[in-house]
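S.K.: Have a look at this one.
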Amino acid sequence: MPYDPTFPPTGADLISSEFRSQFTGIVDLIQTIPQGPQGVPGDSVTGAVVDGVSTVNPGEPATASASFASGTVHFSFAIPRGNDGTPGAAGGQGIQGIQGIQGDIGPVGPMFTSFNVNSTTTLDPGQPASVQTFFDGASIRFNFSIPRGADGLPGLTGQPGATGATGAVFTSFVIDSVTTLDPFAPATVSAVFDGTNVRFSFGIPRGFQGNNGNDGGPGPTGPQGAPGEVTLAQLNTAIANTSSNSNAVVQLPMPYADPDAEELRQKVNELIAALRK
């Protein structure tokens, strides 16, 4: 095959037989050159060295350069790499390798002794609940975000309860007895209601006997007596400025299926009961 100066074309694959024919054509072409006169004897070739082989992009022409120094021919080649091939099928799983030697045990991390809830945030209904944690060196801390339940349907209005019977009216207080007790005995008071009057019975400890001829000093303070009954005047004074309007507020009778709404219903009923006289 004669030497073809247009070979290889741009993007051609590297085929050894075609390049071998091209090199053979170059040799044949060199041999047809007429021999010139005998030149000055030069250095003899004692060896050949490939200084470098570089890879160029697909489509770029292959190049070769040669130089001669001190009896050695130096070559440098630039060869285009082939185009990327079609990906091959995935290979099967390889054989499991030998288990490596166990590494040294790392230092013991800091111990945590407690859990703390930093915050709890109420989200709108339908938003996703979330929790964040971090370690401060001693405690694991949590931040919770919890959606509240959707508003429940309004419950049915309960019917007003029947009016209770009118209690007995008392019009006066009567002291039935006052008993003198030994010194330091606890003071006592008892009260009963006979349908009209509130009746009291008191037990009051006497003081110690003083020294003859000298005024005795004040005796020691006796122990705190049991709480006495509240008088009508004290009761009226205590509740004079409170509201009786809450007595007409009806408690919520029907339980809710939603736990948050049911807990709120129970708290509202507790508040209504506490406000009533």
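The values are calculated or read from the model by the stated rules, or taken from the named source; none is laboratory data. These figures come from a predicted structure and were not determined experimentally. For neighbour counting, all protein chains shown are included, and Cβ atoms are generated from backbone atoms with ideal geometry for every residue, glycine included. Ligands, DNA and RNA are excluded from the accessible area calculation, which covers all protein heavy atoms including side chains. Shrake-Rupley method; radii C 1.70, N 1.55, O 1.52, S 1.80 Å.
S.K.: With charges set only on the Cβ (+1 for Lys and Arg, -1 for Asp and Glu), what does the dipole of the range 9-148 come to about its Cα centre, in debye to the nearest 20?
M.R.: Working: 4 positive and 10 negative charges, 106 e Å.
In total the dipole reaches around 500 debye.
S.K.: Now, a different point. By average Cβ neighbour count within 10 Å, what is the ranking of 250-257, 91-98, 174-181 from highest down? Display every interim value, and only then the final one.
M.R.: Working: 250-257: 12.8, 91-98: 6.0, 174-181: 11.2.
Ranked from most to least packed, the peptides come out as 250-257, 174-181, 91-98.
S.K.: Principal axes first, then extents: for the Cα atoms of the range 1-142, list largest minus smallest coordinate on each axis, whole Å, largest first.
M.R.: For the range 1-142, the Cα extents along the three principal axes come out at 102, 42, 33 Å.
S.K.: Please compute the alpha carbon radius of gyration of the range 1-70, then divide it by the globular-protein estimate 2.2 N^0.38 Å. Two decimals is fine. Don't jump to the answer; show the numbers that get you there.
M.R.: Values: Rg = 15.8 Å, N = 70, 2.2 N^0.38 = 11.1 Å.
After normalising by residue count via 2.2 N^0.38 Å, the value is 1.43.
S.K.: Same structure again: Tally up the carbon and sulfur contribution to the accessible surface of the range 1-103 as a whole percent, 1.4 Å probe, everything protein left in place.
M.R.: On the way: 4910 of 8600 Å².
Here carbon and sulfur together make up 57 percent of the probe-accessible area.
S.K.: Could you tell me the calculated FRET efficiency between residue 31 and residue 78, based on Cβ-Cβ distance and R0 = 30 angstrom, to the nearest 0.05? Intermediate values should be presented prior to the final figure.
M.R.: Working: r = 27 Å, r/R0 = 0.90.
It comes to 0.65.
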